[in-house]
Every structure is written in C-alpha cells, then in structure tokens.
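*Asks:* Here you go, one structure.
Values quoted throughout were computed directly from the atomic coordinates according to the rules given, and no laboratory measurement underlies them. Note that the structure is a prediction, hence the values are computed from the model and not measured. Heads up, the Cβs are rebuilt from the backbone with ideal geometry, glycines too, and the neighbour counts pull from every protein chain shown.
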C-alpha cells in the first residue's frame, strides 16, 4: 500500500505504507482512511515532524554511544538505515509550500 499526499501548491508526495503510517501517527492523524491537514494545522505538523526527527537522531546517538561503551558494534549501522529526516524531507517541503499558499494537504481521496 502507498500513501499519496496531494495539494494544489506542490506535486504529490508518495510514501510506502510504513513511512506514511508513521508520519500520520506523528501528526495525530488516522492512518486508516482519507484525511486532511488544514492550512492552520500546517505549522504544528511541521514542528511535530521536526521534533520526531530530532528524537530519532538523539536515540541513534544514544544507541551508538552505548554500543561503543560496551565495545560492540550496532547490528545495523546507522549509515545503512534511511533516517526519518530523509524520508520526511519531501513532505515537510510540501507542507511549507502549502503554508505559503494557504492550501490544504489531503490523502486517501
């Protein structure tokens, strides 16, 4: 399954199900049906995504430091994972365009 986010201000952003679901959960939106982010909700949405990115990066740093302290290597080096920052960058850009144009973002319609 894919999530296709649409707006009048930017091209569509398509995400695989796992990433799209995670993004919608971060935003407090129901990932199981169609939805909308209204223009007045966009600043909070951008901030929530940025906070989630910071939280993920802080967790990765902690895991790396703990593994180094134990003299171990992480099972999956962080360089081999696609971080949330990379996955949500196009969506944040879309939200910023929509904020400037005062239009909504929709999905599942």
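*Asks:* Angle check, please: helix 17-26 long axis (alpha carbons) against the longest principal axis of the chain (alpha carbons), in degrees 0 to 90, nearest 10.
*Replies:* Taking Cα atoms only, the helix is inclined about 80 degrees.
*Asks:* Using only alpha carbon pairs under 8 Å that are at least six residues apart, calculate the relative contact order of the chain and give it in whole percent.
*Replies:* Relative contact order for the chain comes out at 47 percent.
*Asks:* Next up: For 46, 26, which order do you get if you count the other beta carbons within 10 Å of each Cβ and list the fewest first?
*Replies:* Taking fewest neighbouring Cβ atoms as first place, the list is 26, 46.
*Asks:* What's the long-distance tail for segment 11-52, i.e. % of Cα pairs beyond 15 Å?
*Replies:* Counting pairs separated by more than 15 Å, the tail of P(r) holds 43 percent.
*Asks:* Please rank 88, 106, fewest neighbouring Cβ atoms within 10 Å first, as an exposure proxy.
*Replies:* If I rank by nearby Cβ atoms, fewest first, I get 106, 88.
*Asks:* Separate question: What 222 nm value per residue comes from the helices of the chain, counting each DSSP H run with n ≥ 4 as -39,500 (n - 2.57) and dividing by all residues, nearest 500 deg cm²/dmol?
*Replies:* The helix-only estimate for the chain comes to -18000 deg cm²/dmol at 222 nm.
*Asks:* Could you give the angle, 0 to 90 degrees to the nearest 10, between helix 84-101's Cα long axis and the longest principal axis of the Cα atoms of the chain?
*Replies:* That helix lies at roughly 30 degrees to the long axis.
*Asks:* Taking only Cα atoms, what is the 0 to 90° angle, nearest 10, from helix 42-70's long axis to the longest principal axis of the chain?
*Replies:* With both axes taken from Cα atoms, the answer is about 10 degrees.
*Asks:* Which of the following values of Kirkwood radius over Cα pairs in Å was calculated from the structure shown: [x] 15.6; [y] 15.0; [z] 13.5?
*Replies:* Only one option fits the structure, namely [y].
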